[in-house]
1. Mind putting a number on the dipole of the chain about its Cα centre? Charges go on the C-beta only, +1 for Lys and Arg and -1 for Asp and Glu, and I need it in Debye to the nearest 20.
2. Out of the total accessible area of the chain (probe 1.4 Å, heavy atoms of protein only), what percent is carbon and sulfur?
3. Along the Cα-to-Cβ line of His219, 7 Å from the Cα, sits a label point; which residues in region 259-278 have backbone N less than 16 Å from it?
4. Using Cα centres only, tell me the gap between region 396-460 and region 182-256 in whole Å.
5. By how many nm would the segment from Asp432 to Asp271 lengthen if fully extended, with 0.36 nm per residue of separation less the alpha-carbon distance?
6. For q values of 0.19, 0.22, 0.28 Å⁻¹, compute log₁₀ I(q)/I(0) with the Debye formula on a Cα-only model of region 309-351, without solvent.
7. Please give the solvent-accessible surface of Lys384 in Å², to the nearest 10, using a probe radius of 1.4 Å with every protein chain present.
8. I want to check the label-to-label distance for Glu389 and Leu264. Put each point 7 Å from Cα in the C-beta direction and report it in nm to one decimal.
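The values are calculated or read from the model by the stated rules, or taken from the named source; none is laboratory data. Quick caveat: nothing in here was measured; it's all calculated off a predicted structure. Note that each Cβ is placed from the backbone with ideal geometry, even for glycine, and that neighbours are counted across all protein chains shown. Remember, those area values only see protein heavy atoms, side chains included, never the ligands or the DNA or RNA. Shrake-Rupley method; radii C 1.70, N 1.55, O 1.52, S 1.80 Å.
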Amino acid sequence: MKNLAHDLSKLIGVDAVKSEPEDLLAYASDATHDHATQNPNMVVLPNGVDDVSKVLKYASQHKIPVTPRGAGSGLAGGSTPIQKGIVLDMKRMNAIIEINRGNMTAVVESGVVLGQFHHIVESQNLFYPPDPQSMSVCTIGGNIATRAGGPRGVKYGTTGNYVLGLEVVLPDGDIINTGGSCVKYATGYDLTHLFTGAEGTLGVVTKANLRLIPLPADHQTVIVSCVTAEQAATLVSEIIAHGIVPAKIEYLTHAAIGLLNQYLAVGLPPDGEAYLFLDLDGETDQIKKEIRQVKQICSDMSVIEVRVVENEKESASYWKARSNLYPALVSAMKKIIIEDVTVPRDRLPDFARSISEISRESGLMIDISGHAGDGNFHPTIMLKEINPEIEQIAQQAAEAVVKCALKLGGGISGEHGIGIHKARFSALQLGDRQIALQKQIKKAIDPLGIMNPGKIWLEG
């Protein structure tokens, strides 16, 4: 590593290489701040695909670990360089190369910030639905690495549903292009979606061809205050069973609403145990019909209140507050452990009851929020103080949450990926044979094991 800075500067320019201690510290973890065991030896900010190729060729020749990074907003330790080496920060590769209205597609570099992409696409009356809560900072490359989702997943799916093709730099520096700009491809293995969700363990995504759809004509926010958590969970299934598929159905608890009311101009009644935030989109007449149906279902179930938000500014404030729930919890607690699990929608009441039991048995506060429409929940363990005993109890509670989701027929991650945080649980869902098969795939593409080592599954 002695000549690393010199060699890399010579390859791609001195301005693209950072080695000062404060720079290295800034890249030691992602948003979890819980796995920062090693500072990288070097940070590289490539300006284009050729720079990435040169860096990976050099890393391959010298067997140096490489950790790709988007905005560092991940919540699973995915961009944490646990074996030091090089962090490849993709933020400078942020060009929107093409928006093709006729083909309903876009071509972007991986460092494009998602929120900015939304704004530009929607200004042309087009729509790119994936909407992780960190969209104001997260990058499309990071979204692709984890198959990121968000509230709109219930109706529109997640990032993987919109990736048509990729430009990828392989560990040896070779550049390949998978898929393309057509909806249909039936040629050989689906390498596009092998790299989508691979968390940077197989190569570096530098460019993506994305599918776009028409922008919905209208939307309306509806907020439902429920008597119990079980009632709210049952209501989700009832709404969808009646043929209503909102763009978003978010589940929030009494504790979360108490926190959000501090930021809302028009607060919500504090007497509910759980709340649903719904966003209905489409043609105006269709939305009005669906609101009538939702009101009737809620009346039949005797909920506390159904609030139809007519004012667009007020509506935006609710969704902004919802997206800021995670940082609000971080600021209110010494530490939080946020889980990311999925369960079938019809098992949501069982899941809500089980989380309450885990909270009661552990003596820890566990808040439940999440994208209830697609069964993706984020049970959050909140710690007002930290010591070794509490840490151990919290980790046991986190394991109980994951095992509960699996028992109900769900999965260990819905949108955050596996990274380090979930690696110990991978075998619980996949089993030894699937883990072995995935390791064979990695070895075939990355025989030296330099790409984002130590992620997705445990070694040894």
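1. With only Lys, Arg, Asp and Glu charged at Cβ, the dipole is about 900 debye.
2. Answer for the chain is 51 percent, counting heavy atoms of protein chains only.
3. 277-278
4. When both Cα centres are located, 22 Å separates them.
5. Going from the current span to full extension adds 53.3 nm.
6. -0.83, -0.85, -0.88
7. Using a 1.4 Å probe on the heavy atoms, I get roughly 140 Å².
8. Spacing of the two 7 Å Cα→Cβ label points: 3.8 nm.
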